[in-house]
1. Between R24, R16, which is basic (K, R) and not in a loop (DSSP other than H, G, I, E, B)?
2. Somewhere in the stretch 82-89, is a residue within 13 Å of F117 (Cα to Cα), surrounded by fewer than 16 Cβ atoms within 10 Å (Cβ to Cβ), modelled with pLDDT under 90 and not basic (K, R)?
3. Could you grab me the full set of residues in the stretch 132-186 that are buried (at least 17 other Cβ atoms within 10 Å of the Cβ), modelled with pLDDT under 90 and part of a loop (DSSP other than H, G, I, E, B)?
4. Assess whether H92 counts as being touching a Ser or Thr at 6+ places or on another chain (Cβ under 9 Å), open to solvent by 50 Å² or more (accessible area, probe 1.4 Å), at pLDDT below 95 and not aliphatic (A, V, I, L, M).
5. Got a sec? Which of I73, I32, I65, I11 is in contact with a helix residue (DSSP H, G or I) (Cβ under 9 Å, 6 or more places away or on another chain), aliphatic (A, V, I, L, M) and either buried (at least 16 other Cβ atoms within 10 Å of the Cβ) or at pLDDT below 90 (or both)?
6. So is G97 at pLDDT below 90, of a type in the set (G, A, S), surrounded by fewer than 22 Cβ atoms within 10 Å (Cβ to Cβ) and on the phi < 0 side of the Ramachandran plot or not?
7. In the stretch 114-138, what residues are closer than 22 Å to T10 by Cα and not polar (S, T, N, Q)?
8. Scan (1) at negative phi; (2) touching a Leu at 6+ places or on another chain (Cβ under 9 Å) for the single condition G105 breaks and write down its number.
Amino acid sequence: MSSHKSYLLTILACPRCETGSVKRVSRDGLTILCCQSCGEEYLVTEDGVPQLLKDPSLFTHLEAIDYDDHHNIDDERREKVAHDWKQVFDRHQSVKGDVLEIGSGTGQLTWGLSHRFPFMSVSACDISTKFLQKAAGVVGTDGVPVRYYACDANFLPFRDNSFDLVVGHSVLHHFIDYQKIIQKAQ
């Protein structure tokens, strides 16, 4: 866990000012990430998920339904998604270093990134902490370790060059300015 804490501080940037690095502080038994430039503070949940939302009131209406049931996501579907992405990775000879998944939802692709590919690390981000918690349960702990971040993909809280590969499965329609996000991910 301490290595995750150290790693966390090396890759995060404040989603509000987009320039400041964050430091960890403890206050009243809570872990908080504080921007060293603008002073904005972000809570880290008890299960270690940083809440890096520029606007903490954001949520997804998809939390109101059983997302996996509604979208027919099960073990078979996760295997199919992993198979489809293997073809993409093989065709483009993708690097197998540190990967960021934008819009991980309940872990449909996250599971495959952790269990079916030789990545060094997987970081999954989504606007929904509830989805991230479900993803963590689906992914488990027997694959490549996955780090989870609650954030808005429109304001990614990561420093440049923090990842070797950035992926997203069926997420472009959630972006305000997808060209800006794709440019930032390059």
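The values are calculated or read from the model by the stated rules, or taken from the named source; none is laboratory data. Since this is a predicted model, take the numbers as computed values, not measurements. Reconstructed Cβ throughout: ideal geometry from the backbone, glycine too, with neighbour counts over all protein chains shown. Areas reflect the complete protein model, heavy atoms only, side chains present, ligands, DNA and RNA absent. Shrake-Rupley method; radii C 1.70, N 1.55, O 1.52, S 1.80 Å.
1. Selected residue: R24, the only one of R24, R16 that is basic (K, R) and not in a loop (DSSP other than H, G, I, E, B).
2. No, the stretch 82-89 contains no residue that is within 13 Å of F117 (Cα to Cα), surrounded by fewer than 16 Cβ atoms within 10 Å (Cβ to Cβ), modelled with pLDDT under 90 and not basic (K, R).
3. Residues satisfying the conditions are G143, D152, L156, G168, H169, V171, F175.
4. So H92 does not fit the description; no.
5. I73
6. No.
7. The answer is F119, M120, V122, A124, C125, D126, I127, L132.
8. Looking at each condition in turn, G105 falls short on (1).
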